[in-house]
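Laboratory data are not the source of any read-out in this text; all were calculated from the coordinates shown. Source: prediction; values computed, not measured. Here the Cβ is made from the backbone with ideal geometry for all residues, glycine too, and neighbour counts use every protein chain on show.
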Amino acid sequence: MKLCDRCHLRPAFVYQPHTKMALCRKCFIEDVTERVKAEVRRWNMIEPGDVILLALSGGKDGYTLLDVMSRIYRPDKLIGLNIVEGIRGYNKEEDAKHLVSTAKQLGVDVIVTSVKDYAGLSIDEMASLAKERRTRISVCTYCGISRRRIMNAYARELGANKLATAHNLDDEAQTAVINLARGDLDSLLRQHPLGELVRDRRLVRRIKPLRKVYESETATFAYLRGYHLQETECPYIYEQPTLRAKIRRALYSLESERPGSLLALMELLDELLEPLAKSRRPFTGLSSCARCGEPVPPGRTLCKLCELLDGLGVKEPKYATLRVPGRLNVRPWSV
Ligand SMILES: [Zn+2]
Ligand SMILES: [Zn+2]
């Protein structure tokens, strides 16, 4: 029986290609937790007293985020948010229930809401209207823009001063390579933990605590902790931009051939971009969407969500004010 390369006490259970170590369950969980903690400290992602909204999808990344954050920070200062997209066959009620009860055991309240509740249309309804009207806008765009808006609106209304998403290392590396291929320095800087390009009191600061954790590791982590994962694949997956799909495949094969490549890439970018990210003063002159009042870059009349809905024939969008069920565990900050 092979023993764990770290503690030399317990049987090895997980092989970690990027460190070439075989770890026992306990050491693996600790390794991931410590890496997140180090990343959070390095960039000062969390300050004492922060109230943090966790965006939780019910998949492996979300569960890992929930679990690790409840270990490294105060669970009573965390709130989970689960957004039901309204995609037939994809959103299952039992998945949301499981997420809520698991989080409760870790001391975190989860709010479940839906795109339809907030914007009046579900993603399926947006998709079919888009098809009818031949907007040529992909379903992933409607979904991404809606979810981003809902996350920010909830964080703001609940008095959370940070919004944590469950993006993992693979996600971040894919985005970085896309940005590099496009020569898009602004987007690269925006990905950097210190890259605050825009500041506005209506926008809640986003953090990505799992940015140095491989996707395969969040899968292993969630499995080892026995979490019930949402396993259905999104039926709109074929709608995803093809460039990202290609880069995902290329990075996957690079990583299997040279384990640790993605981590090395992101470490290097972090280091190279740090001075630049620090020297940029955030832009503070955003204006307001003529329909909903959400922040928009100067010169734009409508925010992205209003613009998308306008294209679907919704000229007077009514975004729901928040309905927060029951009493929350957290005492939100007054803002
Ligand atoms: Zn061990
Ligand atoms: Zn708007």
| Say we join alpha carbon atoms closer than 10 Å with springs in a Gaussian network model of the chain; which of P235, P193, P209 then has the biggest fluctuation? | P235
| remark: Everything considered on the Cα gyration tensor (a ≥ b ≥ c; rounded for a/c under 1.5, else prolate if a/b is larger than b/c, else oblate), segment 171-217 must be described as oblate
| task | Evaluate the distance, in nm, between pseudo-label points positioned 7 Å from the Cα of R244 and of D5 along their respective Cα→Cβ axes. | result | 3.3
| message | Give me the extension gain from I237 to E132: residue separation times 0.36 nm, minus the current Cα-Cα distance, reported in nm with one decimal. | response | 35.8 nm
| query | Under a Cβ-Cβ cut-off of 10 Å, what is the net charge of the residues other than G313 that fall near it, where Lys and Arg count +1 and Asp and Glu count -1? | reply | 0
| field | Estimated distance in nm for a label pair at T141 and K104, the labels positioned 7 Å out from Cα along Cα-to-Cβ | value | 4.1
| query | Taking only DSSP H segments of four or more residues, each worth -39500 (n - 2.57), what value at 222 nm results for the chain once the sum is divided by all its residues, to the nearest 500 deg cm²/dmol? | reply | -14500 deg cm²/dmol
| task | Holding the Cα-Cα limit at 30 Å, pick out from K212/K246; K278/K318; K92/K318; K2/K246 the pairs that are longer than that. | result | K278/K318; K2/K246
| request: Go ahead and set up a Gaussian network model of the chain, Cα springs under 10 Å, then flag whichever of L194, L308, L268 fluctuates most. | output: L268
| With N residues in segment 42-283, what two-decimal value do you get for its Cα radius of gyration over 2.2 N^0.38 Å? | 1.02
| note | Which of K20/K60; K60/K208; K37/K104; K162/K208 exceed 19 Å between C-alpha atoms? The answer is K20/K60; K37/K104
| note | Given backbone amide H placed at 1.01 Å from N, residues whose amide H is under 5 Å from that of M21, ignoring those fewer than 5 places away on the same chain, are Q16
| In nanometres, what is the gap between the two model label sites at D76 and Y223, each 7 Å from Cα along Cα-to-Cβ? | 3.7
| remark: Neighbour-count ranking for F221, F13 (other C-beta within 10 angstrom, fewest to most) reads F13, F221
| said: Looking at the chain only, what percent of DSSP beta bridges run antiparallel? Nearest 5 please. | reply: 25
| request: Normalise the Cα radius of gyration of segment 108-159 by 2.2 N^0.38 Å (N = residues in it) and let me know the number. | output: 1.29
| Taking Cα centroids, how far is segment 145-222 from segment 24-74 in Å? | 14
| Which of these, T232, T218, T64, has the largest mean-square fluctuation under a Gaussian network model of the chain (Cα springs below 10 Å)? | T232
| said: Show me, for segment 160-168, the HN-Hα J-couplings you get by feeding each phi into the Karplus relation (A = 6.51, B = -1.76, C = 1.60, θ = phi - 60°), rounded to Hz, glycine and proline as x. | reply: 6, 9, 9, 10, 9, 9, 9, 4, 9
| query | Taking amide H positions as placed 1.01 Å from N in the peptide plane, with prolines and chain starts having none, which residues 5 or more places from A164, or on another chain, fall under 5 Å of its amide H? | reply | L53, L54, A55, I207
| query | Across all directions of projection, what mean area in square nanometres is found for the Cα convex hull of segment 84-222? | reply | 10.5
| request: Would you calculate the volume per residue, in Å³, of the smallest convex hull containing every Cα atom of segment 1-88? | output: 142
| remark: Sorted by chain and then number, the residues having a modelled amide H within less than 5 Å of the amide H of I111, at least 5 places away or on another chain, are G80, L81, N82
| note | Counting only DSSP loop positions in segment 102-150, the trypsin sites (Lys or Arg not before Pro) whose Cβ has at most 15 other Cβ atoms within 10 Å are R133, R134, R136
| Which value, in debye to the nearest 20, gives the size of the charge dipole of segment 42-283 about its Cα centre, when Lys and Arg are +1 and Asp and Glu are -1 at the Cβ? | 720
